[in-house]
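J.: Please find one structure pasted underneath; my questions will follow.
The values are calculated or read from the model by the stated rules, or taken from the named source; none is laboratory data. Note that the coordinates shown come from a computational prediction; the quantities given were computed from them, not determined experimentally. So basically every Cβ, Gly included, is an ideal-geometry build from the backbone, and we count neighbours across all protein chains shown.
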Amino acid sequence: MKELWIDLQPDSPHALYEQIYEYIRKDIADGKISPGEKLPSTRFMAKNLQISRSTVELAYEQLTAEGYIEPKPCAGYFVCDISMLYQLSRGQEKPEEGRLMERQKKQYEISFSPYEIDRKHFPYGIWYRMHKSVVPEDNPDLLLSGNPKGELNLRTAISRYLYQARGVVCDEKQILLGAGNEYLLLLLAQIMGRDKKVAMENYTYLQAYYTFCNMGYRVLAEEIDEDGICMEAIRKENPDMVYVMPSHQFPLGNVMPLRRRLELLQWASEGEERYIIEDDHDSEFRYKGKPIPALWGNDTGEHVIYIGTFSKSIAPSLRISFMVLPHSLMERYHSSCGFYACTVPRNSQEVLCHFMEEGHFERHLNRMRNNYKNKHDTFMRLLKQEDWVCRIYGDNAGLHVLVELDVKWKEEEVVEQAREQHIEIHGLGEYVIQRPKEKKVPTLVLGYGNLTEDEMEQGLAVLREILDK
C-alpha cells in the first residue's frame, strides 16, 4: 500500500478534500503512483491527516468519477491506467510555429437522439461560480464589443487544448470563434468566395450540407467505403474543398485510417486552391484504443481547415465553436470579413476561458468520458440481448451506435411507430444527401448520452414490442 504524505493547508481557499484530490491526482499523472497500486483506506488517511473520514471520501469519489482510481469490493481503492485520460497542463507553452425540417422541440418520454448529452452531470455549481467571478457588479469593459475573432485569452486556451489533446499546432491568431459550426461555415464561404464545388460524404451532418447549398455551392455527395470518402470520385470531379469527419464520421462512426488521410492530403497538395475542411466531430469521447490525432497534424502544406465545438464536451446551448485557418486564409479573412463582430457574447467567452484555465474542463472531460463509457458498455450489453438486432457498428466512440435490423420492417415505419409511442429515434436515411442505388438494410441511429439504464431498458422494450408485431 502506498503511503501518502500530504501537507494540508487549513487557510487555503481550496477545501481540504480538493487539496487531497489534487495531490493524489498530480502524483498519479506524474507517475509517482503506478497503475494497480493500492491507496490508503479512507479510515487510515483520515486518522493520519487528523480530518474527518467524509473529507477523504469526497476526494476519493472525485478521483473515481474522473477515472484516476477505482474501488474494488472488500479490497479498497486502486490506481487506474490513465493513458487514455486527458492531461491538459495549465499554462504549458506549445511549440513555435429541402429535407432539413424546422427543429421543433417535441416532448419524448425517452430520447435516443444522437445529439443528446448527459445533462445531469453538468458542473452547474462550478459554472455558476465561474460566471459570478467574471461578471461582477461593476465591469464596464465587458459591455464593449470585443475582438472580432473572439477574446484572445480564450483563443489562447483553445490553442493550448488543441495542441495537447488533438495534436493541432496553431497560433491563437489563426483561431476564429463563432456561435455554432453553421455560422463558421458561412464565414468560411465568405472568405473562399462563391461558385465553389465542395465534396461531402454521402452520409453526413446535414446542417453543413444545407449551409453550403444556401451559399450557392455545388455539393458533390461522394460514396464512403470502410476507409472513408472515396478518392476515385474526388480525383475525377476535382472539387475545390472536401468536407470530412476523419476522427469519428457522423453518423457512421468510421475512423479514417492514415493511408486515406495521406491520400487526401496528397490530393490537396497538388492544387494551390484545394482545401480539406476537417470537422473534428465527437473526437473527445473514445472508449477503446488511443485517441485519434486530428488530420491537421499530418498536413505540411496548409491545406486543412479545422472546425471544432464545445457542444458535446460541455453543452449545445453554450454555442461556442471555433475554426482554425491556414495563414494564407487568415489574410483573406482580414481583408473580406475582419469587420464582422464575433457572434459569441463576451461574458460566455470569459466564463469558458476561466473554466479551461483553472483545470475544470480537463476534469469535466475525464469525468464525462468515464460516465459515457459506462453508458456505452451498458447500452451495448442490452442491445446484444435483443433478437431484432442484426448488427451493431459505429461503437467505442461518441454518444451513439448504429443498429441494423433483422426484420421485414421499413426503417421509416419503425421510426414513425416509435415516435407515436413517445420514443425519439432516428433512422440512418435521415442523414443521407442522395439515396443510394442499392437498397440499404434498415438501420437505426441510437444515442444513449442522456439515458439511464432504466430508460434504455424501457425504450428498447418499446422497440421490441413494435418489431415483434
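Matching residues to (1) crowded, with 16+ Cβ neighbours inside 10 Å; (2) at positive phi; (3) at pLDDT 95 or above:
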| residue | (1), (2), (3) |
| --- | --- |
| 287 | yes, no, no |
| 293 | yes, no, no |
| 325 | yes, no, yes |
| 335 | no, no, no |
| 339 | no, no, no |
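J.: Here's another thing I want to ask about it. Mind checking whether some residue in segment 239-258 is of a type in the set (D, E, K, R) and at pLDDT below 95?
T.: At the first step, the residues of segment 239-258 found to be of a type in the set (D, E, K, R) are 240.
Still in the list and also at pLDDT below 95: none.
So far as segment 239-258 goes, no, none of its residues is of a type in the set (D, E, K, R) and at pLDDT below 95.
J.: Looking at residue 425, is it in the same structural domain as residue 382 (by TED's automatic domain parsing) and touching a Leu at 6+ places or on another chain (Cβ under 7 Å)? Step through it out loud before you land on a result.
T.: Working: in the same structural domain as residue 382 (by TED's automatic domain parsing): yes; touching a Leu at 6+ places or on another chain (Cβ under 7 Å): yes.
The answer is yes for residue 425.
J.: Only one residue in 356, 368, 323 is under 30 Å from residue 124 (Cα atoms) and not in a helix (DSSP H, G or I). Which one? Give the derivation first.
T.: Values: 356 fails: not in a helix (DSSP H, G or I); 368 fails: not in a helix (DSSP H, G or I).
Exactly one of 356, 368, 323 is under 30 Å from residue 124 (Cα atoms) and not in a helix (DSSP H, G or I), namely 323.
J.: State yes or no: is residue 351 of a type in the set (A, V, I, L, M) and outside any helix (DSSP H, G or I)? Talk me through it step by step, then tell me what you get.
T.: Details: of a type in the set (A, V, I, L, M): yes; outside any helix (DSSP H, G or I): no.
So residue 351 fails the test.
J.: In addition: Applying the selection to segment 47-70, what residues are surrounded by 19 or more Cβ atoms within 10 Å (Cβ to Cβ) and in a strand (DSSP E or B)?
T.: 69
J.: What number goes with the only condition from (1) part of a loop (DSSP other than H, G, I, E, B); (2) in the same structural domain as residue 150 (by TED's automatic domain parsing); (3) out of contact with any Gly (no Cβ under 9 Å at 6 or more places or on another chain) that residue 328 does not pass?
T.: (1)
J.: Going through segment 131-159 one residue at a time, which ones are modelled with pLDDT of 90 or more, part of a helix (DSSP H, G or I) and over 19 Å from residue 327 (Cβ atoms)?
T.: Selection gives 153, 154, 157.
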